[in-house]
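Structure record follows, encoded as structure tokens.
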Amino acid sequence: QMSSSDVIHLADPSSPGAGRFSLVFKGKPESLTKFRKRASGEEDVPEPENEAYVAYEIRFFIDPYELEPPKRKANTIGVERSNGTMMLWHTYVPESQRGQGIAETIVEEAMEWASANCLSVDSSCSYVNETFMKREHNRHRWKYIMIRDY
């Protein structure tokens, strides 16, 4: 049984603001070079079989054309206090490890880290938007740092 204490934070030293929260099942985490290649759209780089992760990019400004204005007053205050926005853009769990709550564990760790660092959070990740934030307890717990309404 994996727990949040098994999640490691891998920030990319050559790409400030980029990184991933990762759970490695055996061996070492995927190299940043390989991860970067896949992230940039190279199609011949398969997802790792020994690692689950949520990838992010921190932006220190928000393009107003990218977002609808927040609907909640509390949310607006949260966003104004923000040091930047952590965009969660991809969550991956190897097929053999799915159905054990691993994605939820790693996304929760990313949210904890964002909150501790006064970052607001946005997501273009289908897992975060369609599964994680649709769960009542997650929506209730994290809505104050989310830029969008769920």
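Given the options Lys34, Lys28, name the one that is part of a loop (DSSP other than H, G, I, E, B) and either at pLDDT below 90 or basic (Lys, Arg) (or both).
Lys28
Is it true that some residue in the stretch 50-68 is assigned to a helix (DSSP H, G or I) and either over 28 Å from Ser14 (Cβ atoms) or modelled with pLDDT of 90 or more (or both)?
yes
Given (1) of a type outside the set (Lys, Arg); (2) assigned to a helix (DSSP H, G or I); (3) touching a Leu at 6+ places or on another chain (Cβ under 9 Å), where does Glu104 come up short, assuming only one miss?
Among (1) of a type outside the set (Lys, Arg); (2) assigned to a helix (DSSP H, G or I); (3) touching a Leu at 6+ places or on another chain (Cβ under 9 Å), the lone unmet condition for Glu104 is (3).
Please go through the stretch 127-138 and give me each residue that is open to solvent by 60 Å² or more (accessible area, probe 1.4 Å) and within 15 Å of the chain's Cα centre (by Cα), ordered by number.
Glu130
Taking the condition surrounded by 13 or more Cβ atoms within 10 Å (Cβ to Cβ), modelled with pLDDT under 80 and either closer than 21 Å to Tyr150 by Cα or among the acidic types (Asp, Glu) (or both), does Val79 pass?
Here the answer is yes, as Val79 does meet what is asked.
What number of residues within the stretch 7-35 are free of Cβ contacts under 8 Å to residues at least 40 places away in the same chain, within 19 Å of Glu112 (Cβ to Cβ) and open to solvent by 50 Å² or more (accessible area, probe 1.4 Å)?
Matching residues across the stretch 7-35 total 2.
Check Cys118 against each of (1) open to solvent by less than 70 Å² (accessible area, probe 1.4 Å); (2) in a helix (DSSP H, G or I); (3) farther than 22 Å from Arg36 by Cβ and name the one condition it does not meet.
(2) is the only condition that Cys118 fails.
The values are calculated or read from the model by the stated rules, or taken from the named source; none is laboratory data. Only a predicted model underlies this, so the values are computations on that prediction, with no experimental measurement involved. With ideal geometry, Cβ positions are generated from the backbone for all residues, glycine too; neighbour counts draw on all protein chains shown. Accessible surface areas use protein heavy atoms only, side chains included; no ligands, DNA or RNA. Shrake-Rupley method; radii C 1.70, N 1.55, O 1.52, S 1.80 Å.
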